[in-house]
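> A single structure is presented below for examination.
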Amino acid sequence: MLVLLDNGHGGLINGVYQTSGKQKDWGPQGVFYEGEFNRAIVNGIIEALTRLGIRYVNITPEYRDVTLQTRVNRANRYNFKDAFLVSVHANAGGGSGFEVYTSPGETKSDAIATVFGDAFQSEFPKEILRHDFSDFDLDKERRFFLLRKTKMPAVLTENFFMDSLKDFQSILNTKEGRERIVKYHVNAITRIQNQIF
Ligand SMILES: [Zn+2]
């Protein structure tokens, strides 16, 4: 099994955020940059997978933003029968909790998404695992490009809401909160290795 890791959006280069939008200014409490968060989570996953001897590729190692088409092209270089892709994000738009998206009509993706949902709920039993995916806004449709165009099973995790002050203060902007998000991703990946691949 090969895990393809994708950190959504661009990061910070010399203090300059590389993506328009995808951030939340909480004033004196600080600024949340989604691309920085996504990279922190992916870097934590990488550290754990290295320790566990699980093969991975970070398909977006740079800090500048990379188009969805480039991400798809990079992912599709790998053997789709052996690999799956997880793209890490934080949510916005009012709400709290966790959502996972999959490529439509792909049974292996659905099984993988279920494992991520279960792992999230085990790590955060009091938080909300959101099941209602009927209200697709434009942004969510765009995210699906990556899920539709990659040849291997693919999921996208939306980890808490950057525009929720509670999520920002208690989880997204804390070392412990980020470590727990890393932990449930790694737990999910090890379960996927044992149960699906
Ligand atoms: Zn995102």
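> Based on alpha-carbon positions alone, could you give the equivalent ellipsoid semi-axes of region 151-197 from the gyration tensor, as √(5λ), descending, whole Å?
26, 13, 6
> Moving to a separate point now. Please go through region 51-103 and write out the trypsin sites (Lys or Arg not before Pro) that DSSP classes as loop and that have at most 13 other C-beta atoms within 10 Å. It would help to have the intermediate numbers written out before the result.
Values: sites: R51, R55, R64, R71, R74, R77, K81; in loops: R64, R77, K81.
When the trypsin sites (Lys or Arg not before Pro) of region 51-103 are filtered for loop state and at most 13 Cβ neighbours within 10 Å, R64, R77, K81 remain.
> Could you estimate the translational diffusion coefficient of the chain from the Stokes-Einstein equation, with Rh from the Kirkwood formula over C-alpha pairs, at 20 °C and 1.002 mPa s, in whole µm²/s?
128 µm²/s
> Follow-up. Taking the Cα atoms only, what angle lies between the long axis of helix 138-149 and the longest principal axis of the chain, rounded to 10 degrees?
Its long axis makes an angle of about 20 degrees.
> Give me the Debye-computed log₁₀ of I(q)/I(0) at q = 0.12, 0.19, 0.24 Å⁻¹ for region 1-115, equal point scatterers on Cα only, no solvent, two decimals.
Summing over Cα pairs of region 1-115 leads to -0.48, -1.15, -1.51.
> Sticking with this structure for a sec: Specify which residue in the list T107, M162, L49 is farthest towards the positive end of the charge dipole of the chain, using unit charges on the beta carbon of Lys, Arg (+1) and Asp, Glu (-1), about the Cα centre.
Checking the options against the dipole of the chain, the answer is L49.
> Something else now. When only C-alpha pairs under 8 Å and at least 6 residues apart count, what is the relative contact order of the chain, in percent?
Averaging sequence separation for qualifying contacts and normalising by length gives 28 percent for the chain.
> Calculate for the chain the 222 nm mean residue ellipticity that helices alone would give, adding -39,500 (n - 2.57) per DSSP H run of length 4 or more and normalising by residue count, nearest 500 deg cm²/dmol.
Values: 5 runs with 77 residues, N = 197.
Only helices count here, giving -13000 deg cm²/dmol.
> Hey, what's the chain come to in accessible area per residue, 1.4 Å probe, Å²? Working shown, then result.
Details: 9260 Å² over 197 residues.
In whole numbers, the chain has 47 Å² accessible per residue.
> Could you give the dipole magnitude of the chain about its Cα centre, charging the beta-carbon of Lys and Arg +1 and that of Asp and Glu -1, in debye to the nearest 20?
Dipole of the chain, to the nearest 20 debye: 680 debye.
The values are calculated or read from the model by the stated rules, or taken from the named source; none is laboratory data. In this text, all values refer to a predicted model and were calculated from it rather than measured experimentally. Note that we place each Cβ from the backbone using ideal geometry, even for glycine, and neighbour counts take in every protein chain shown. All accessible areas refer to the heavy atoms of the entire protein, side chains included, with ligands and DNA or RNA removed. Shrake-Rupley method; radii C 1.70, N 1.55, O 1.52, S 1.80 Å.
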